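Below: the structure, in structure tokens.
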Amino acid sequence: MFIFPLLLVTIESESDRAFLSTLYEENYEAMSRKALSMLHDAAAAEDVVQDTFVYFARNLDKIYKVSCSALPFFVVMCVKRKCI
């Protein structure tokens with residue numbers, strides 16, 4: 001089940017929803033590739049990516065502290081850690 005749209009509904013702030021949505025749009029492919037390359041199972045890889053976005057939604061204050069230039073690396077490393 002694809003939970004990202006449901007996740008966005010739970011976020012009260014419009015700016016936080018926009019930030020998380022942009023983060024998703026710009027990094028989903030790289031995150032999915034990383035998870036799939038480590039797990040070799042499409043369903044498990046999708047679960048890891050979704051779990052990572054749930055973590056991001058719950059910890060937006062921490063995610064905002066990551067510099068824009070480091071954000072793509074950061075999100076992929078979060079997926080890698082969840083895969084391990």
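With the requirement that a residue be open to solvent by 70 Å² or more (accessible area, probe 1.4 Å) and not in a helix (DSSP H, G or I), what does the range 42-84 give you?
If the condition is that a residue be open to solvent by 70 Å² or more (accessible area, probe 1.4 Å) and not in a helix (DSSP H, G or I), then 65, 68, 69, 84 are the ones that fit.
Identify, by number, the condition in (1) of a type in the set (Ser, Thr, Tyr); (2) at pLDDT below 95; (3) open to solvent by 50 Å² or more (accessible area, probe 1.4 Å) that residue 13 doesn't meet.
With respect to (1) of a type in the set (Ser, Thr, Tyr); (2) at pLDDT below 95; (3) open to solvent by 50 Å² or more (accessible area, probe 1.4 Å), residue 13 is out only on (3).
Residues being over 13 Å from the mean Cα position of the chain (by Cα), on the phi < 0 side of the Ramachandran plot and without any contact (Cβ under 8 Å) to a residue 40 or more places away in the chain: count how many of those fall in the range 33-61.
Matching residues across the range 33-61 total 7.
For a quick check of your reading of the model, give me the residue pairs whose first member lies in the range 67-84 and is free of Cβ contacts under 8 Å to residues at least 60 places away in the same chain and within 13 Å of residue 28 (Cβ to Cβ), whose second is open to solvent by 30 Å² or more (accessible area, probe 1.4 Å) and among the basic types (Lys, Arg), with beta-carbon atoms closer than 8 Å and at least 6 apart or on different chains.
Between residues of the range 67-84 that are free of Cβ contacts under 8 Å to residues at least 60 places away in the same chain and within 13 Å of residue 28 (Cβ to Cβ) and residues that are open to solvent by 30 Å² or more (accessible area, probe 1.4 Å) and among the basic types (Lys, Arg), the close pairs are 76/34; 79/34.
The values are calculated or read from the model by the stated rules, or taken from the named source; none is laboratory data. Everything quoted here is computed from the prediction, not taken from an experiment. Ideal geometry is used to build each Cβ from the backbone, glycine not excepted, and the neighbour counts take in all protein chains shown. These accessible areas exclude ligands, DNA and RNA; they are computed on the full protein's heavy atoms, side chains included. Shrake-Rupley method; radii C 1.70, N 1.55, O 1.52, S 1.80 Å.
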